[in-house]
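Computed from the coordinates by the stated procedures, all read-outs in this text should not be read as laboratory data. Predicted model, so just to flag it, every value in this text is computed and none were measured. Here the Cβ is made from the backbone with ideal geometry for all residues, glycine too, and neighbour counts use every protein chain on show.
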Amino acid sequence: MTAVDVEALHPSSGRRSAGLRLCLLVSAGALLACLLGVSVTATLLVLRIQSDLDKVSGRAQHGGEQLRKTSHLGNITLEWSSQNLGSRFNYSEKTGSLEVTEGGMYLMYLNLGVRCPHEAVEGCAETSVAVNVKDTRSSKLECRLELPKSHLSLKAHHCLGAVMLQSHDRVLVNMKVMGDSRHWKLDQRHTRFGLVPVGRSTA
């Protein structure tokens with residue numbers, strides 16, 4: 001009786017299996033490249049938006065404010081300088097609120113700069129910071145910043161969002177902290193809040 005080589009009877013099965021594996025590898029590689037491309041594109045878009053925001057700080061319709069003064073972190077309402085406000089905004093120093101005079105869609109941004117200063121000889125302790133921008137009805141934007149134990153450092157965080165506001169809405173920027181925040185300071189030069197109108201309300 002003659003022995004039969006089963007694989008010899010199907011010489012193309014091995015090639016088909018190898019081809020299938022190659023096809024799967026190529027597909028997986030293409031998918032990974034696509035995902036990386038989307039991630040890079042999104043990152044570049046955010047950076048471009050941030051760059052554009054830096055350029056519009058002097059335009060008439062921009063509601064941009066710099067932190068009024070360097071302050072310690074705490075459960076407080078942040079106070080702002082209103083020197084760069086456009087004609088569609090009013091700022092109340094009494095309440096710390098920014099009012100929009102026209103309803104519509106706005107691009108809202110909040111840049112946080114938190115510093116551990118040189119006066120803190122023993123450094124700054126681990127702290128968690130949450131900054132919430134809200135109107136009378138709901139929260140519009142929230143920024144969270146985790147601060148590790150540190151010495152002589154500046155931590156920066158940027159938040160951005162599209163929000164719908166009604167005419168004469170007032171927004172407040174409130175901060176809450178958890179942990180030992182006594183040495184950390186909110187840096188005046190690197191902390192900004194602003195609104196850029198992108199569309200008017202049709203109501």
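Can you give the net charge of the other residues whose Cβ lies under 13 Å from the Cβ of Ser181, counting K and R as +1 and D and E as -1? Could the numbers behind the result be given before it?
Numbers: positive: Arg115, Lys149, Lys155, Lys176, Arg182, Lys185; negative: Glu126, Glu146, Asp180.
Around Ser181, the charge tally is +3.
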For this session: Return the loop-located GluC sites (Glu not before Pro) in segment 86-128 (DSSP other than H, G, I, E, B) with at most 10 other Cβ atoms within 10 Å of their own Cβ; answer none if there are none.
Result: Glu119, Glu122
For this session: Can you tell me the order of 135-142, 182-189, 156-163 when each peptide is scored by its average per-residue count of other Cβ atoms within 10 angstrom, highest first?
Result: 182-189, 156-163, 135-142
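Where the only charges are on Cβ atoms (+1 Lys, Arg; -1 Asp, Glu), what is the dipole of segment 87-203 about its Cα centre, to the nearest 20 debye?
Numbers: 16 positive and 12 negative charges, 33 e Å.
Here the size comes out at about 160 debye.
If I stretch the segment between Gln166 and Glu126 completely, what's the gain in nm (0.36 nm per residue apart, minus their alpha carbon distance), one decimal?
Contour length minus Cα-Cα distance gives 10.5 nm.
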Exercise. Lysines near Lys94 by alpha-carbon distance under 27 Å, same-chain residues fewer than 8 away left out - which ones?
Worked result: Lys69, Lys134, Lys140, Lys176, Lys185
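Quote the relative contact order of segment 60-200 in percent (integer), defining contacts as alpha-carbon pairs under 8 Å separated by 6+ residues. The partial results should precede the final answer.
Working: 385 pairs, mean separation 56.8, N = 141.
Reported as a whole number, the value is 40 percent.
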